[in-house]
Structures are given as C-alpha cells and as structure tokens.
Amino acid sequence: MTQVVVGENENLESALRRFKRQVSKAGIFADVKRRRYFETPIEKRKRKAMARRKKRYY
C-alpha cells in the first residue's frame, strides 16, 4: 500500500505529486487498468508472452 506522510510545512500539491510518483513507480495504475475489464485466457497468455519477451530483451 502506497502511503505519503505530509510534512508540517509541506503544501498539499507537493504531497500529491509525491503520492502520484510513488503510485506510478509501484505499478498500481497499470494493474488497475489491466483489471478494469475481463481478460480472456488467450489475452492473458499473449500479455504474459509479451512480458517475457520484453524481460528477455533487457
């Protein structure tokens, strides 16, 4: 779970910016977008195969 502690003299905008950065680093947005709709088993296999290829490339 992503959590941001707001400092005493910190404004809300900078805390929100830090929160957004942490959420994007953790991959939460990508996970939410992926789970938004039902994924068929074929789509799941394709996605995993692409991830394997991408990982092997780097």
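The values are calculated or read from the model by the stated rules, or taken from the named source; none is laboratory data. Keep in mind that this is a model prediction, so the values were computed, not measured. Cβ coordinates were reconstructed from backbone atoms using ideal geometry, including for glycine residues, and neighbour counts include every protein chain displayed. What goes into the accessible areas is simple: the full protein's heavy atoms, side chains included, and nothing from ligands, DNA or RNA. Shrake-Rupley method; radii C 1.70, N 1.55, O 1.52, S 1.80 Å.
Things to note:
- Radius 14 Å from Cβ of residue 12, net charge of other residues (Lys, Arg +1; Asp, Glu -1): 0
- Charging the Cβ of each Asp and Glu at -1 and of each Lys and Arg at +1, and nothing else, the dipole of the chain about its Cα centre rounds to 860 debye.
- Probe 1.4 Å, accessible area per residue of the chain, Å²: 104 Å²
- Cross-link partners of residue 54 among lysines, defined as those whose alpha carbon lies under 23 angstrom from its own and excluding same-chain residues fewer than eight positions apart: 25, 33, 44, 46.
- HN-Hα J in Hz across segment 2-7 - Karplus 6.51, -1.76, 1.60, θ = phi - 60°, x for Gly and Pro: 7, 9, 10, 9, 7, x
- Heavy-atom accessible surface of segment 17-58: percent carbon and sulfur, 1.4 Å: 57 percent
- With respect to the chain, whose longest principal axis is taken over its alpha-carbon atoms, helix 41-57 is tilted by about 70°.
- Working note: 222 nm ellipticity from helices only, DSSP H runs with n ≥ 4, each -39,500 (n - 2.57), summed and divided by the residues of the chain, gives -22000 deg cm²/dmol to the nearest 500.
- Calculated from the structure at hand, volume of the Cα convex hull per residue in Å³ is found among (1) 91; (2) 44; (3) 103 as (3).
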